[in-house]
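Peer 1: This structure is in structure tokens; I'll ask about it shortly.
Values in this text are rule-based calculations from the coordinates and carry no lab data. These figures come from a predicted structure and were not determined experimentally. In this analysis, Cβ positions are derived from the backbone assuming ideal geometry, glycine residues included, and neighbour counts consider all displayed protein chains.
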Amino acid sequence: MNRVLLVGRLTAKPELRYTNSNIPYTRFSVAVDGIPGSNGERRTDFINTVAWRKQAENVCQYLDKGSLVSVEGRLQTSNYTDKDGNKRYTMDVQADNIRFLESRSQSQNRLNNQTATPYDFQQPSNDVNIDVDPFADFGDSVSIDDNFLD
């Protein structure tokens with residue numbers, strides 16, 4: 001079984017691109033906190049991710065550097081020959097489902113008040129109200145098609 005589930009923050013603003021056959025896609029990196037090491041510090045992993053079609057368009061339209069997302073997909077390896085003739089191998093997560101885990105206002109507030117890097121995860125406080133809809137002020141509805149491959 002080849003399944004990947006990530007929760008992390010985008011390391012840069014995603015850019016929409018198109019294949020030669022005019023299919024939209026975006027490549028972006030997700031910063032994910034790792035397991036604490038022997039010294040207690042967490043190592044951050046940067047996972048390359050690819051989204052296709054309408055999902056790629058939505059990611060580029062609604063997300064920015066530091067946006068908190070969950071990505072569900074599969075690992076895919078590929079290779080290419082670099083300009084020096086060396087064979088290079090890559091591993092990317094091909095996203096099947098991307099969920100936006102914070103509203104636009106939460107994202108904007110985080111950016112305005114940011115003192116840590118966008119990769120740091122904030123521990124939730126004990127006074128979190130679980131009855132409040134975190135997406136109530138998200139704005140326009142977002143529809144992401146999970147069946148992006150023909």
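Peer 1: Counting just the Cα atoms, what span does the range 13-115 cover along each of its three principal axes? Round to the nearest Å and put the largest first.
Peer 2: The Cα atoms of the range 13-115 stretch 44, 40, 24 Å along their principal axes.
Peer 1: Do you know the relative contact order of the range 4-89, to the nearest whole percent, from alpha carbon pairs under 8 angstrom that are 6+ apart?
Peer 2: 35 percent.
Peer 1: Suppose each label sits 7 Å from its Cα in the direction of the beta carbon; what would the Asp45-Met91 distance come out to in nanometres?
Peer 2: Going by the 7 Å Cα→Cβ label model, 0.8 nm.
Peer 1: Can you tell me the length gained on complete extension of the stretch Glu15 to Arg74, counting 0.36 nm per residue apart and subtracting the Cα distance?
Peer 2: 19.1 nm
Peer 1: Here's something else I'd like to know. List residues of the range 52-73, by number, whose backbone nitrogen lies under 20 Å from a label position 7 Å along Cα→C-beta of Asn22.
Peer 2: Of the residues in the range 52-73, 52-58 have backbone N under 20 Å from the label point off Asn22.
Peer 1: Given +1 on the Cβ of Lys and Arg, -1 on the Cβ of Asp and Glu, and no further charges, what dipole in debye does the range 28-83 carry about its Cα centre, rounded to the nearest 20?
Peer 2: Values: 7 positive and 7 negative charges, 32 e Å.
Once rounded to the nearest 20, the dipole reads 160 debye.
Peer 1: Still on this model: Semi-axes, largest first, in whole Å: what does sqrt of 5 times each Cα gyration tensor eigenvalue give for the range 20-79?
Peer 2: 28, 15, 8
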